[in-house]
Structure formats: structure tokens, C-alpha cells
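Report on the following structure.
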């Protein structure tokens, strides 16, 4: 798997040139709804943060349905599933199709692509054969192009090209990845903390350690954590390690530093992940670092980072209860 | 504190009759944005789930700002802060006021009420003197009346009256609370699991054990957890206890049972919290149970459930960096 993370720059250049099939302008769009799960749904979370200063709010739904009330004439739906066969995304996309035709799809194959073709929806076919989590940039990067060709400009092409460039810094990613590995390798249940603006990266880091390294992780987001979670540590008997993600916003870094000091004082080890550049650069470079560190942690633990047998069990079980899902 | 939870029924009857000051119809509203943190913000999370079958999507923001792009002419903003002095909510409300006048406020006092009065906004003054978390029903219940008088019908008054009735079952709440207490008392970092539909209750249970009992808790939501978190337990060295919340939807209970079996098999103790009735009944009765159990756990641990000294530290620190927040 490591090679796939290392190739993110190369894959991303390729992804910048993916063809957007059935692209056309959609008028009157005011918001974006992203449907997707896991390594595909996280693309929606990242889009939501990146788009927070654009004209378009992005709302992400990770379930077998999407509520009727979130889709109206001014909604553009983006369904993302790396395999194209994620049942949640297929069902919620079919549901959305009952309400609107303003739907686009990103997948490497599967039933979702069939839905795109038979409904003449805009879609992108991404490179197949990767673990979904290793396909993050090739789903995120072309999403901007797809949206742009449908009339929805989230960031400029120039910003996007500049962002992709950060993936060339493999040496730096490996260096920081090794630091995190050294920090986290004895941890039984690490915490990842970020501001709400960087929640998508905190969740991504968690998910990488879950899937690649097979360790449980807890994510907490500030400022909300200051209203409840912080109190949980006042008399905690379990203390482990925490990775903090810094921000490009000054007051958020003040809050990060305050909380890092607080947890350090009560006996929790702290690692501060310092990133640089735009929010999209931080998302993809931070994800690259987490990918490398989590695969190497799997190797140290003697675990295959690629295999996720519990997800296979889940998908098998889903087939048995498929009749319970009605459209 | 226990007495306040026990009085929820009484407080709720009172809350049904709170006056909505400056109430007036707002036309053309298509969505609701809730601003609030902690024990007040959770009201927004509950409203969002309860409203999922209504005509109005509800989006909740828990930060010092609200993105410009989420507020337009068809947005109704509801700001909730029990004290009325939560800096995040004050700043995000002031931000929202730059974009719209369709804002209403729920508070027991503080600067938010002053903002409501000076801007002629609809508002409700709720009973003061409680811990914010013990004020859950007196913020949630009148929210429906406030919204209704502003022209936004989420649930019928009949449904609301019926829901409040469940808070009379103190004996049952204490019985289930005692079961959870017995289950969780030796736990160092319990997990709370629910479907996305009941995420607000899972988070509420977590927050109650954080604030009242001073123990850290991890929340995981399905089906998303089946795409990452489940794998983290495959080779976990830390195993503790998990509380599962059942659902009123059949396929969600199938998923709950599958995951409960999975975690039990790998050595995690499971408690299944079975609730009944409508989603709002489940939210408030589940919250009552968690309130009772978490206060009693504090007593067993020799801890004052009311005091949250780390939140006081946070609020003091905020005063020092106040100049960094610009409107």
C-alpha cells in the first residue's frame, strides 16, 4: 500500500485530466449535498471545509438515505463511492434521483457508474485497483473540475494546481510520518484533536489508523470539546497520547495550544502536527503523512494494512438484510 | 443536581407555557440554522434529527462564526445559549445578524437576551439557575413553540404534549439508570454507539458522563463506523465497555445487533439501551436516564457532578484572547 501513497502526486496529475462525461451547466444551484461513506465520504467533509468561504455550502450525508427536505431545485448532489458499489451511497443516490436530476457521480466502476450512464448524469471514472483510502486525492481533486464544469466554482484551477504540488514533498511527508510513528507506536487508543475547520483531517487521520494499523482512535473537535469532553479528563483513569492538528487561523492555534497544555499537564503525551499552506494543501499533505505513518505502524505490529476483514463481514451481512431497505 | 433531572417533567410543563416575545411570522423560510455549544448546541442536534421528516432541514454550527454561505433569505437562525453568555454563540449570532434579521434566541439571560431585545428578535427566557445540561428539556421543548409562532411547524403540539408525558416515568428512568450505572461504573473509557438518526442522543450520553462523572467517552455512529472504526478493533489492545442505543427503524436495529455481537465477540461488554415511542420521546427520556446515571456515577466516584472546573479555565482563557475574534 505504501507505494500508492507515495504515488499520490503522480496519481493526482493524472486525476487533473480525468474526463468529465455528460458535463453540463446547472443553473440556480445554491448548495451542494455530498453522499458517500468512509474513504469516499471524507472527500465530502473536506469539500465542505474548503467550500466554507465559497458561495456554496456543502452538506454531507453518510447513511442509507438522504432526507427529502435537504434536496430542492437549487441543490446539486455529488455521489462518491470508490468502488461504485457502496450500498449506502447507491440507495441514497437512488433516493436523491427521485427528487432531482442535478446529480453527479465519482466512482471507479460498479453500480453507481451504471446509474450515472442510464440517467445521463455527469460522472468521472477514477483509476481503479486501489484501496479506497489510498484513492483520496484522485476523488477529491477531480471533484473540483466536475463541479466547475457543472457551473459550481469552489476554488480556482490555479489554487488546485498549486495544492497538488505539495504532494511532491515525499521526503518531508516521510520525515513527519516517522515522527508520528515514533510517537504513536505504543499507544492503545490515541486521540486526534483539531478545530472544526480541520475536522475532516482529524477524522481522516483516525480512519487511517483504524483501517491500516487496526487501532481504535478517538476524535475531538474544538471549540465544542471545551463544553464537555475536556471535563471527562479531569478524573480520567485512562491516559494515552494525543495528536493535535494546527490551523491557519490564529485564534484556533491559541485554543489548540491551550488544550495541548491542559492535556499534557494531566499526563497525556502530545504531538503537534504542523502543516502549511492552504486548507486543501493541509488536507492532502496531512492525509499523505497519516497514510504513511499508519501503514508503517501496521508493519511494526505485524499486521496487513490492506486487509479489512471486518468491513468484508459487514458487507456480507448487509446482503442478508437488503430487503429491509425500501426506496 | 439529581433533583433537577427528577423535576424535568415539572420544568417541561412550565416550559410549554413560556412566552415567546416578539413572535411574528417569517415568510419564505426553507431551512433552519442552529447556533449553540455543549448542552445548548445539543438541542440543535436533536432538532435536526426530529425535523428530518419535516419540510425544514436543520443545520447546526458549533463555532465562533457561521459561514456566510449558509445564511440566505430563506434561512431562519435559532441561537441557543443557556447562560446567554457563551462567547461562541454570541459571536456567531452577531455574524448572522450581519446577513439576516430572521434570528430567534433562547436563553435564561446574558448578552444574547440583550441582543434579542435591542434587535427586536423573537426570544424566550427560560428558567435560570440550573446547570446548562440539566436545562435540556426547557430549551428543546419551547423551541418548537417559538418556531411554530414564527411560521415553522416541525411537529404538532399534540406530539409535543405526548412526548413531555414520558418524563413522568421517573421510576423507569431510575431503574434503567441504575442498570447503566452498574454496567459502566468500572469503565475507564466507554463507547456509545448509535445510528446517525440517534447520534444526538449518543453525543448527549457522552457529554453527561464527561461533565457529571468526569470520565472520557468515545462516540461512534453507524453506518459510517462500518467503514473505518470497526477495523480499529480488529487488533485493539484496549477493550472496555459499550452502550448501544436502539432505534425505531428495523434495519438500524439489525446493524446495532450485528455490531454489538461483533464487539462482544472480541471482548467488549455491551449494554443495549432500549427506548420506546417517538424520536423526541427517545431523546428526552434517554437524556433523563443518562443524567441520572451520570450523577450517580459521580457520587460513587466521590466527585461533584456540578463542578466543571476545566470549562471555567477555558472561559477565563477565552477572555485573554478575545481580541483575536473579529466580526
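Just so it is clear, none of the values below were taken in a lab; they were calculated from the coordinates. Fair warning: this is a prediction, and the values are worked out from it, not measured in the lab. Cβ: placed from backbone, ideal geometry, glycine included. Neighbour counts: every protein chain shown.
Assume the label is 7 Å from Cα along Cα to beta carbon: what separations in nm does residue A:320 have to the matching positions in the other copies?
The projected label point of residue A:320 is separated from its counterparts by 5.6 nm.
Sum -39500 (n - 2.57) across every DSSP H segment of at least 4 residues in chain B, then divide by the residue count to get the 222 nm mean residue ellipticity, nearest 500.
Value at 222 nm, helices only, nearest 500: -14000 deg cm²/dmol.
Tell me the angle of helix B:309-320 to the major Cα principal axis of chain B, expressed in degrees between 0 and 90 and rounded to the nearest ten.
Helix B:309-320 and the main axis of chain B meet at about 40 degrees.
Identify the residue of chain A whose Cβ lies closest to the rotation axis that maps chain A onto chain B, and give that distance in whole Å.
Taking Cβ atoms only, the nearest residue and its distance are A:218, 2.
Using a simple spin-label model with points 7 Å from Cα along the Cα→Cβ vector, what separation in nm is obtained for residue A:237 and residue A:73?
In this crude label model, residue A:237 to residue A:73 measures out at 6.1 nm.
How much length is gained on full extension from residue B:307 to residue B:170, taking 0.36 nm per residue of separation minus their Cα-Cα distance?
46.9 nm
Where a ≥ b ≥ c are the square roots of the eigenvalues of the C-alpha gyration tensor, would you call the stretch B:257-310 rounded, which needs a/c under 1.5, or, failing that, prolate if a/b is larger than b/c, or oblate?
Judged from the Cα gyration tensor, the stretch B:257-310 comes out oblate (a/c at least 1.5, b/c at or above a/b).
I need the calculated FRET efficiency for the pair residue B:23 and residue A:161, taking r as the beta carbon distance and R₀ as 51 Å, to the nearest 0.05.
Computed FRET efficiency for residue B:23 and residue A:161 comes out at 0.45.
Roughly how many nanometres apart are two label points built 7 Å out from the Cα toward the Cβ at residue B:16 and residue B:178?
2.9
Of all DSSP beta bridges located in the protein assembly as shown, what percent are antiparallel, nearest 5?
5
Mark the label point 7 Å from the Cα of residue B:55 along Cα→Cβ and return the residues of the stretch A:59-75 whose backbone N is within less than 18 Å of it.
A:67-75
Taking a label point 7 Å from Cα toward Cβ, how far is residue A:14 from its twins in the other copies, in nm, shortest first?
Nearest to farthest, the other copies are at 6.6 nm.
Among A:308, A:326, B:312, A:86, which comes first, second and so on when ranked by fewest other beta-carbon atoms within 10 Å?
Least to most surrounded, the residues fall as A:326, B:312, A:308, A:86.
Take the alpha carbon atoms of the stretch B:44-114, find their center, do the same for the stretch B:188-219, and report the distance between the two centers in whole angstrom.
After rounding, the separation between the Cα centres reads 24 Å.
To one decimal in nm, how far is residue A:302 from the same spot in the other copies, if labels go 7 Å from Cα toward Cβ? Please give the shortest first.
List, nearest first: 4.2 nm.
In angstroms, what radius of gyration and Dmax does the protein assembly as shown have, counting Cα atoms only?
23.5, 65
Starting from the Cα gyration tensor of the stretch B:1-56, multiply each eigenvalue by 5, take the square root, and state the resulting semi-axes largest first in whole Å.
Here the semi-axes work out to 26, 17, 11 Å.
Hey, what angle do you get for helix B:250-265 against the long axis of chain B, alpha-carbon based, 0 to 90 degrees rounded to 10?
The angle comes out near 50 degrees.
How are the Cα pair distances of the stretch A:111-220 distributed, in percent, across 5 Å bins from 0?
2, 9, 13, 17, 20, 15, 12, 7, 4, 1, 0
Order these by the 10 Å Cβ neighbour count, fewest first: B:8, B:233.
With the sparsest Cβ surroundings first, the list reads B:233, B:8.
Separation between the residue B:186 and residue B:250 pseudo-spin-labels, each 7 Å from Cα along Cα→Cβ, expressed in nm?
Once both label points are built, they end up 3.9 nm from each other.
Which FRET efficiency, nearest 0.05, do residue B:117 and residue A:265 yield, Cβ-Cβ r, R0 45 Å?
After rounding to 0.05, the efficiency reads 0.65.
Using a Förster distance of 51 angstrom, determine the FRET efficiency expected from the C-beta separation of residue A:323 and residue B:299, and round it to 0.05.
0.60
Counting other C-beta atoms within 10 Å, which of A:52, A:118, B:287 has the fewest, and how do the rest follow?
With the fewest neighbours first, A:52, A:118, B:287 line up as A:118, A:52, B:287.
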